[in-house]
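The values are calculated or read from the model by the stated rules, or taken from the named source; none is laboratory data. These numbers were taken from a predicted model, which means no experiment stands behind them. Cβ sites come from the backbone with ideal geometry, for glycine too, and all protein chains shown count toward neighbours.
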Amino acid sequence: MIRSRSAIEDEAIGARQKAKQLTIPVDPTAVAAAYSARVVHESFTDDLSGVLVRKGDLNTIAVNESDSLVRRRFTVAHECGHLILGHKGEVFVDKQVVNRRNTTSSLAIDDQEIEANQFAASLLMPRAEVVEHLDQLSKSCRQRAVLVELMARSFCVSKKAMEYRLVNLGLIASPDDDS
Ligand SMILES: [Zn+2]
């Protein structure tokens, strides 16, 4: 069963409250810790970005140490999604966690992966905080690219992830809507 977007937003808010992560940037490692998951950095080969291993009460999230900070943060948040949303399975292996749809890269497109990505976006870029922040910034800046960059910096996410989130929340137009 696939959850609605708003149900996932609510799950992410609950997780932030439990982890006392109510200001931005949200620390996904603290959220993991609130759910008994430790985060370790590993040197993975290939395009592996994260692994979640659930063993009884012990959960481990391993992230690719060669990934950038924003990428590692998104990966941890994505694995938290699998954990907190109670996805089925003991081991989750994620290649190149990409926060967009319709891409031809090797990202998984099954329901659990979509949900984990939505959870990660909701966790790191909470709707209310995004709206408020964008509102503030928009008073002094009107350039789309600059806004996206400043927003990405404040929430400590990639520009791509922030742009996707802003489009998704209906706060900025999709880049394809230029016509
Ligand atoms: Zn995943």
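For VAL63, state whether it is within 16 Å of the ligand (Cβ to nearest atom), of a type in the set (A, V, I, L, M, F, W, C) and within 24 Å of LEU150 (Cβ to Cβ). So VAL63 fails the test. Looking only at the range 132-145, residues that are in a helix (DSSP H, G or I) and loosely packed, with under 13 Cβ neighbours inside 10 Å come to 5 in all.
Taking the condition in contact with a Ser or Thr (Cβ under 9 Å, 6 or more places away or on another chain), more than 16 Å from the ligand (Cβ to nearest atom) and more than 19 Å from GLU115 (Cβ to Cβ), does SER36 pass? Answer is no for this residue. Under the condition of being in contact with a helix residue (DSSP H, G or I) (Cβ under 7 Å, 6 or more places away or on another chain) and either farther than 13 Å from ALA121 by Cβ or of a type in the set (Ser, Thr, Tyr) (or both), the residues counted in the range 157-170 number 2.
Could you go through the range 82-97 and let me know if any residue there is within 22 Å of LYS160 (Cβ to Cβ), modelled with pLDDT of 95 or more and within 11 Å of the ligand (Cβ to nearest atom). Yes: one or more hits.
Given the structure, is ARG153 exposed (fewer than 15 other Cβ atoms within 10 Å of the Cβ) and over 16 Å from ILE24 (Cβ atoms)? No, not satisfied. When ASP176 is tested against (1) surrounded by fewer than 18 Cβ atoms within 10 Å (Cβ to Cβ); (2) modelled with pLDDT of 95 or more, just one condition goes unmet, and that condition is (2). When ASP47 is tested against (1) in contact with a helix residue (DSSP H, G or I) (Cβ under 6 Å, 6 or more places away or on another chain); (2) within 22 Å of TYR164 (Cα to Cα); (3) at pLDDT below 95, just one condition goes unmet, and that condition is (1).
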